[in-house]
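Below: one structure, written as structure tokens.
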Amino acid sequence: MRTYEEHLAAVRAALPQPRVVSTPLTSAFGRRSAATYRAEHNLPPFDNSQMDGYALSTCDGGAFTVGRTIAAGDPPGSLEHGTALPIMTGAKIPEGTATIVPVEHCEPPHFPEEGATVTVPAAPEQFIRRAGSDVQAGTTLINEHALLDAPSIATLASQGLAEVLTYAPARILICTGGAEIGGTGEATIPDSNAPMLAALAAQYGIDVAGFVRTNDDPSALRADLAEAVITHRPDVIVTSGGISHGKFEVIRQIFEKDGWFGHVAQQPGGPQGLSRLGEVPVVCFPGNPISTLVSFRLYLAPVIGHAPAPFRAHLTEPAEGLNNREQFRRGILNISDGITQASFLGGTSSHLMSQAIGATALIRIPANTQLSAGDLVGVFPLS
């Protein structure tokens, strides 16, 4: 029987490395950077105005002659004593500027014609955004593997970049179902795993290439999967169900001779499989909905997706570990007085899907342990 760490290592070894592609910044949101990016120049690149107001050569107030207006993008020139230059937000400040006073603080509280007189109150040095106050040239902006969010993209664009290197999202082919799934008979149930797997893929930055419905004829299913691989060209096939020791474990029947099928010492999600269909790796999860969800988060999302790293949190209630198996229980994380706390949500059975609604983490309970409230445990964020 494998441990969680052993099976995770096996999955990592079996799955392909991500492809590096050049991506327009407008399409890079949510992807991982495939390179480290450093600033080529300061940001802001020059001293500029933080306000619509007057650029002055002194911090002393008084009456000033209104000079020419400096709009954003205009060359600023220099500033003469006794002159107040109207300057717009973002405009490069002229040489000799001591302060900028917002126009609404002056009299009149609007911009008059050039040559008019304006009365400006005394003010300290203010409202000047200095060059490099955000980023100094040469500093690291984005590290490799960093998730590109909106501020990251804006920062890269400010350096004049239009495209960046990113890791292309992995493409998975989802295979779910069985004779009892999706039919109209009194003993059939809807397929909840296919839409759940698609939702998990979207959550962790993985693309769904296509879907295949499982049936109980091994040769027909293998042919369906082979055709889907040619059509959709996935990086990985992900199956749910059909891997235990029952009479109709069709996934295991198809793939066992080319891979490993066995148990990981955990609950839920003990049965696991790892195989290949030609050159395409196949990751096989148990079919109970919670087992599928937990398996995806533990073994697929951190390998080909954007799963957050696990960390430690304090239990809010006691817990007893199972004999020789660790548990991954659904829970909710909260922060109280700066301490991250983990509380259980719902029951432990692997069919209790609705009781996982609202869960924000998996809480790892080691085997053969007796835990008390306040004890530290590993947690795996779900988002």
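List of remarks:
- Residue among PRO308, PRO86, PRO281 with the largest mean-square fluctuation in a Gaussian network model of the chain, springs linking Cα atoms under 10 Å: PRO86
- Residue with peak Gaussian network fluctuation, the chain [Cα springs, cutoff 10 Å], from PRO112, PRO190, PRO44: PRO112
- Nitroxide proxy distance, nm - points 7 Å out along Cα→Cβ at ALA157 and THR36: 2.7 nm
- DSSP loop GluC sites (Glu not before Pro) with at most 10 other Cβ within 10 Å excluded, longest remaining stretch of the chain: 1-112
- Across the accessible surface of the chain, with the other protein chains kept in place and a 1.4 Å probe, carbon and sulfur atoms take up 52 percent.
- Computed over the chain with a Gaussian network model linking Cα atoms closer than 10 Å, the most mobile of ILE357, ILE290, ILE243 is ILE357.
- Placing THR119, THR23 in order of accessible area, with the largest value first and a 1.4 Å probe, yields THR119, THR23.
- Folded to 0 to 90 degrees: helix 4-14 orientation relative to the chain principal axis, Cα: 80 degrees
- Annotation for THR119 and ALA367: the two label points, set 7 Å from Cα along the Cα-Cβ direction, are 8.5 nm apart.
- Solvent exposure ordering (accessible area, 1.4 Å, most first) of LYS257, LYS92: LYS257, LYS92
- Loop-located trypsin sites (Lys or Arg not before Pro) in segment 284-383 (DSSP state other than H, G, I, E, B) with a sparse environment of at most 13 neighbouring Cβ atoms within 10 Å are absent.
- Computed from the C-beta positions of SER27 and ILE332 and an R0 of 35 Å, the FRET efficiency is 0.55 to the nearest 0.05.
- Chain lengthening between LEU322 and ALA223 when straightened (0.36 nm per residue, less Cα-Cα): 31.6 nm
- Length gained on full extension, GLU5 to ALA63, computed as 0.36 nm times the residue gap minus the Cα-Cα distance: 13.5 nm.
- Listed residue (THR97, GLY338, PRO286) projecting farthest to the positive dipole end of the chain, Cβ model: PRO286
- Of the chymotrypsin sites (Phe, Trp or Tyr not before Pro) found in segment 1-82, none is in coil by DSSP with at most 11 other Cβ atoms within 10 Å of its Cβ.
- Excluding ligands, DNA and RNA, the accessible surface per residue across segment 1-115 is 52 Å² with a 1.4 Å probe.
- Value of relative contact order over segment 46-127, rounded to a whole percent, pairs C-alpha under 8 Å and six or more apart: 41 percent
- Helix-derived mean residue ellipticity, 222 nm - over the chain, DSSP H n ≥ 4, -39500 (n - 2.57), to 500: -4500 deg cm²/dmol
- From the coordinates shown, Rg and Dmax of the Cα atoms in Å corresponds to which of (i) 30.3, 94; (ii) 23.8, 79; (iii) 20.3, 70: (i)
- Dipole check for segment 46-127: with +1 at the C-beta of Lys and Arg, -1 at the C-beta of Asp and Glu, and the Cα centre as origin, the magnitude is about 80 Debye.
The values are calculated or read from the model by the stated rules, or taken from the named source; none is laboratory data. Since this is a predicted model, take the numbers as computed values, not measurements. All Cβ positions, glycine included, derive from the backbone under ideal geometry; neighbour counts span all protein chains shown. The protein model used for the area step is the full one, side chains on, heavy atoms only, and it has no ligands, DNA or RNA in it. Shrake-Rupley method; radii C 1.70, N 1.55, O 1.52, S 1.80 Å.
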